[in-house]
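One structure below.
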Amino acid sequence: MQHIPALQTLLDELERLPGIGPKSASRIAYWMLNTEKPTVVRLADAIHEVKDTVHFCKRCFNYAQDELCEFCASSDRDTSIICVVSVPRDIAVIEKSGAFNGLYHVLGGELSPLDGVGPDQLHISELMARLGSSQVREVLLATNPTVEGETTASYLARMIQPLGIRVTRLASGLPVGGDLEFADEVTLGRAIENRRELL
């Protein structure tokens, strides 16, 4: 079904968004048409503002509105540990846990030779420069537990260990509240490998 041109243009643009198919695009478009104009204008203004004011932190490549992101600019963070993540949104997940108070470094992806992503396409040289000019004692590798994430973590570990800096990896295993019968073999295997002694 062809809609009037302005509505069709909106639908086409909404469908370009990740995870938005024709039905979701239609729901959003009709919500915009049926809601008050100030609400839609606020949404449009927020989109403009984020594109105009948000950029990468010059030190860690997290999203920032100033020269440095909130973590790099904070004097309350533990500067002796850097958590390396693949993309900025991973930081929000780690921060939500409340278990980490160090600094971050965003790679901008993970090594994937088949997709043409090698070390030169990631912020690895910037990470090594940070490690060479700071008092970092530990690097926590928090890349995804995928083939690409594991490859990236192994590559980084080989590069960092000669510097005499402790390299750690996020443990992976069974979720709290989960049943063993629903765990896949890889997850269960990692849980066994990363077992710890009970006091």
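With respect to (1) surrounded by fewer than 14 Cβ atoms within 10 Å (Cβ to Cβ); (2) assigned by TED's automatic domain parsing to the domain that holds PHE100, the lone exception for ASP184 is condition (2). Of everything in region 77-88 that is assigned to a loop (DSSP other than H, G, I, E, B) and out of contact with any helix residue (DSSP H, G or I) (no Cβ under 9 Å at 6 or more places or on another chain), the residue that is farthest from ASN144 (Cα to Cα) is PRO88. For ALA46, are the conditions met, namely being farther than 30 Å from GLY164 by Cα and touching a residue at least 12 places away in the same chain (Cβ under 8 Å)? When the stated conditions are applied, ALA46 does not pass them.
Kindly check whether there is at least one residue in region 37-58 that is surrounded by 15 or more Cβ atoms within 10 Å (Cβ to Cβ) and in contact with a helix residue (DSSP H, G or I) (Cβ under 6 Å, 6 or more places away or on another chain).
yes
Within region 117-157, the residues that satisfy the criterion of being more than 19 Å from ILE94 (Cα to Cα), touching a residue at least 24 places away in the same chain (Cβ under 8 Å) and not aliphatic (A, V, I, L, M) are PRO119, HIS123, GLU126, ARG130, GLY132, SER134, GLN135, ARG137, GLU148, THR151, TYR155.
Does any residue of region 61-78 turn out to be touching a residue at least 60 places away in the same chain (Cβ under 8 Å) and farther than 28 Å from GLU185 by Cα? Yes, the conditions are met somewhere in region 61-78. Free of Cβ contacts under 8 Å to residues at least 40 places away in the same chain, more than 18 Å from ARG166 (Cα to Cα) and surrounded by 14 or more Cβ atoms within 10 Å (Cβ to Cβ), is that true of GLY102? Against the criterion (free of Cβ contacts under 8 Å to residues at least 40 places away in the same chain, more than 18 Å from ARG166 (Cα to Cα) and surrounded by 14 or more Cβ atoms within 10 Å (Cβ to Cβ)), GLY102 does not qualify.
Being over 28 Å from ALA6 (Cβ atoms), modelled with pLDDT of 95 or more and of a type in the set (Asp, Glu) is not true of ASP45.
Restricting the search to helices (runs of 4 or more DSSP H) fully inside region 89-199 and requiring at least 3 residues that are under 19 Å from the mean Cα position of the chain (by Cα) and on the phi < 0 side of the Ramachandran plot gives 89-97, 124-132, 147-160. Only helices (runs of 4 or more DSSP H) whose full extent lies in region 1-76 are considered here, and the ones with at least 1 residues that are farther than 25 Å from LEU122 by Cβ, under 22 Å from the mean Cα position of the chain (by Cα) and not hydrophobic (A, V, I, L, M, F, W, C) are 37-53.
From ILE94, ILE82, grab the single residue that is closer than 23 Å to ARG169 by Cβ, modelled with pLDDT under 95 and either among the acidic types (Asp, Glu) or surrounded by 11 or more Cβ atoms within 10 Å (Cβ to Cβ) (or both).
ILE94
The values are calculated or read from the model by the stated rules, or taken from the named source; none is laboratory data. Only a predicted model underlies this, so the values are computations on that prediction, with no experimental measurement involved. With ideal geometry, Cβ positions are generated from the backbone for all residues, glycine too; neighbour counts draw on all protein chains shown.
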